Amino acid sequence: MPTTRKTSQGCPIVLPATFVQAIRDAGYKNTSAALAELIDNSIEAGAHNVAIDLVGPPSSPLVIRVTDDGTGMTPNVLQLALQFGGSTRFNGRSGTGRYGMGLPCSSLSQARRVGVFSWTHPTANWFTYLDIDEITTQKSSRIPPVRLARSTSPTPSGTVVELSRCDRIDYKRLGVLLERLHRDLGRIFRRALLGGLQLRINERPVRSIDPLFLEGHTEIGLAEAFGPPMEFPITIPEKSAASVVLVRFSLLPVARWHGFSNEEKSRHGISKAAGVSIVRGGREIDRGWFFMGGKRRENYDDWWRCEVQFSPLLDELFGLTHTKQRVYPTDALNSILSPHLEAAAHQLNARVRTAFQAVAQQAAVSSGERRAQQNDMLLEPLKIAAPHRSTLPPSLVQGLRYRLERRRLPGADLFLPTLVGDEVRVALNTHHVFYDQVYAKILSRGQVRSLEALEAVDLLFLAFGRAECSLRRGVAREGAARVRERWSTILGTFFS
């Protein structure tokens with residue numbers, strides 16, 4: 001078969017015109033993930049200040065500028081930085097970067113053009129760019145030569161990455177985008193922010209957001225660490241190296257935060273945030289339901305958190321993608337971590353469930369007590385005897401207080417009412433079969449309809465207690481006590 005000259009000479013590994021269009025779909029989750037790559041570069045360049053500015057009216061394409069005060073780049077390094085795979089630290093394991101794909105991939109995933117200004121001295125500001133339209137129309141297949149820019153340098157050294165013609169960003173809802181960036185970047189770079197990094201978006205400082213609620217300052221306070229951190233030493237024979245995976249858990253305060261509205265729970269990052277935060281080299285790269293074995297996610301799991309920290313030395317075990325925003329843990333890693341994390345998850349789920357049962361119990365009792373107390377004013381005032389050995393006559397009291405107690409009673413009665421001062425107290429017998437089979441089950445569910453039913457049952461007991469306490473001592477009270485005792489016995493028999 002005849003061979004064409006093109007085939008005999010081989011062909012390019014990459015066709016620039018199609019490659020740059022394909023690489024736009026490299027898999028960045030959103031704008032926050034793409035900008036995180038640029039912030040990684042700033043941190044590796046030793047920047048202390050990073051500013052993100054989103055500019056442009058809704059009628060024209062959005063422009064995003066990321067400015068830092070890092071060490072800057074020389075002309076040769078600057079041109080290398082815009083190459084796909086170009087890096088002075090390729091496959092490095094000491095920082096956040098690794099493949100040399102972050103700057104061009106992340107930028108072009110959001111915009112059709114990326115320009116980079118960089119300087120190591122304020123008198124020499126160098127510039128070059130990548131433009132998708134120039135490449136796809138085959139006007140250019142190379143990175144343009146670096147040239148001196150006319151713009152002045154705002155710091156002694158640094159870099160500005162400018163994304164223009166941002167065709168993949170919904171900039172018409174700029175306010176929503178800004179809030180999402182603050183929330184996402186505050187969580188992703190929480191360690192760097194706590195360590196002193198100053199990050200601003202349109203002049204507003206980004207605050208550290210710890211999904212475990214263990215560090216930093218929040219409007220609603222902090223959570224509680226669940227046990228000491230777990231450490232898993234891992235040896236990497238092929239690298240002749242060893243590293244440690246560190247795992248932390250936290251338990252959110254159900255009693256303090258359960259009363260927040262759904263909007264508040266969402267705003268503070270409580271609801272729909274269950275799972276594990278994966279932190280590589282101090283920077284969050286993924287979050288989800290990792291290392292949980294057979295444990296299925298439930299609503300209760302919103303109320304505890306887990307963080308897994310690892311070094312870039314373990315990238316292969318965690319299955320890190322080149323965009324540094326997803327992990328696909330290997331079977332070997334799952335076999336090490338999952339048994340321990342799944343066991344802790346079951347314990348935390350049980351703790352949360354118990355906490356909600358306690359909250360439901362307190363809320364239900366308070367509801368019944370409150371309603372009885374509010375409506376007591378509609379009843380005939382109760383005659384209350386004066387204190388022992390007092391010569392004062394009995395007094396009429398309207399507006400009694402009410403309290404329900406749960407404890408074991410010595411007899412077989414389901415409940416026992418007593419009058420203490422101006423308070424009607426009704427003790428429920430926790431060892432009565434009705435309490436075990438009916439009352440406790442309603443109490444434990446904690447749902448709206450269950451709480452309404454529980455309030456109705458509580459009012460039955462409170463009403464009987466009030467009626468019995470209003471009887472004069474003597475034959476009437478003794479008769480009521482016998483009826484209550486007999487009724488409790490019959491009720492217990494019915495539920496046996």
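Would you kindly work out the equivalent ellipsoid of the range 224-345 from its C-alpha gyration tensor and give its semi-axes, the square roots of five times the eigenvalues, largest first in whole Å? Numbers along the way, then the final one.
On the way: eigenvalues 163, 45, 32 Å².
The equivalent ellipsoid of the range 224-345 has semi-axes of 29, 15, 13 Å.
So what is the 222 nm mean residue ellipticity for the chain from helices alone, if each DSSP H run of at least 4 adds -39500 (n - 2.57) and you divide by all residues, rounding to the nearest 500 deg cm²/dmol? Before the final figure, lay out each step's value.
On the way: 15 runs with 172 residues, N = 496.
After summing the helix terms and dividing by residue count, I get -10500 deg cm²/dmol.
Computed on alpha carbon atoms, what radius of gyration and Dmax characterise the chain, expressed in Å?
Here Rg and the maximum Cα pair distance are 33.8, 127 Å.
If you keep only loop residues by DSSP, which chymotrypsin sites (Phe, Trp or Tyr not before Pro) in the range 253-346 have at most 16 other Cβ atoms within 10 Å of their Cβ? Don't jump to the answer; show the numbers that get you there.
Details: sites: W257, F260, W289, F290, F291, Y300, W303, W304, F310, F318; in loops: F260, W289, F290, F291.
Here the sparse-neighbourhood loop sites are F260, W289.
In nm, give the distance between the simple-model label positions of W289 and H48, each being 7 Å from the Cα along the Cα-to-Cβ direction.
Each label point is offset 7 Å from its Cα along the Cβ direction, giving 4.5 nm.
Given points 7 Å out from each Cα along the Cα-Cβ axis, report the T123 to Q198 separation in nanometres with one decimal.
Result: 2.7 nm between the two label points.
Report the full-extension gain for the segment N299 to E316: residue separation times 0.36 nm, less the Cα-Cα distance, to one decimal in nm.
Numbers: separation 17, 0.36 × 17 = 6.12 nm, distance 3.23 nm.
Separation in residues times 0.36 nm, less the Cα-Cα distance, equals 2.9 nm.
All other residues with a Cβ under 12 Å from the Cβ of W126 taken together, and with Lys, Arg as +1 and Asp, Glu as -1, what is their net charge?
Details: positive: R147, R150; negative: none.
Net charge around W126: +2.
Full extension from E219 to H346: what is 0.36 nm times the residue separation minus their Cα-Cα distance, to one decimal in nm?
On the way: separation 127, 0.36 × 127 = 45.72 nm, distance 2.89 nm.
Here the segment from E219 to H346 would lengthen by 42.8 nm.
Would any residue of the range 336-358 have its amide N under 18 Å from a label point 7 Å out along Cα→Cβ of F232? List them or say none.
Under 18 Å, as judged by backbone N against the label point of F232, lie 336-348 of the range 336-358.
Give me the net charge for the shell around F249: Cβ to Cβ below 15 angstrom, other residues only, Lys and Arg +1, Asp and Glu -1. It would help to have the intermediate numbers written out before the result.
On the way: positive: R248, R287, K295, R305, R351; negative: D210, E215, E224, E231, D301, D302, E307, E342.
Spelling it out: positives minus negatives among the neighbours equals -3.
Counting C-alpha atoms alone, how compact is the range 90-233: give Rg to one decimal and Dmax as a whole number, in angstrom.
19.6, 61
Once R0 is set to 25 Å, what does the formula 1/(1 + (r/R0)^6) return for the Cβ-Cβ distance between R486 and Q437, expressed as a FRET efficiency to the nearest 0.05? Please report the intermediate quantities before stating the final value.
On the way: r = 20 Å, r/R0 = 0.79.
In this case the efficiency is close to 0.80.
So if each residue of separation counts as 0.36 nm, and I subtract the Cα-Cα distance between H268 and L396, what length gain in nm does that give? Before the final figure, lay out the partial values.
Working: separation 128, 0.36 × 128 = 46.08 nm, distance 5.05 nm.
Stretched fully, the H268-L396 segment lengthens by 41.0 nm.
Could you pull out which residues in the range 131-171 have an amide N less than 16 Å from a spot 7 Å beyond the Cα of A22, following the Cα-Cβ vector?
Flagged as within label range: 136.
Write out the GluC sites (Glu not before Pro) in the range 172-225 meeting two conditions: DSSP loop, and at most 12 other Cβ atoms within 10 Å of their Cβ.
E203, E219
Quick one: net charge of L459's neighbours, Cβ under 14 Å, K/R +1, D/E -1?
Numbers: positive: R370, R371, R403, R466; negative: E369, D376, E452, E455, D458.
Taking every other residue near L459 into account, the sum is -1.
Where the only charges are on Cβ atoms (+1 Lys, Arg; -1 Asp, Glu), what is the dipole of the chain about its Cα centre, to the nearest 20 debye?
Numbers: 63 positive and 48 negative charges, 92 e Å.
For the chain, the charge dipole is close to 440 debye.
Assuming 1.002 mPa s and 20 °C, estimate D for the range 12-205 with Stokes-Einstein, Rh taken as the Kirkwood radius over Cα pairs, in µm²/s. The partial results should precede the final answer.
On the way: Rh = 17.0 Å.
Rounded, D is 126 µm²/s.
No lab work stands behind these numbers, since they all come straight from the coordinates. Here the structure is a predicted model, which means the values were calculated and not measured. Heads up, the Cβs are rebuilt from the backbone with ideal geometry, glycines too, and the neighbour counts pull from every protein chain shown.
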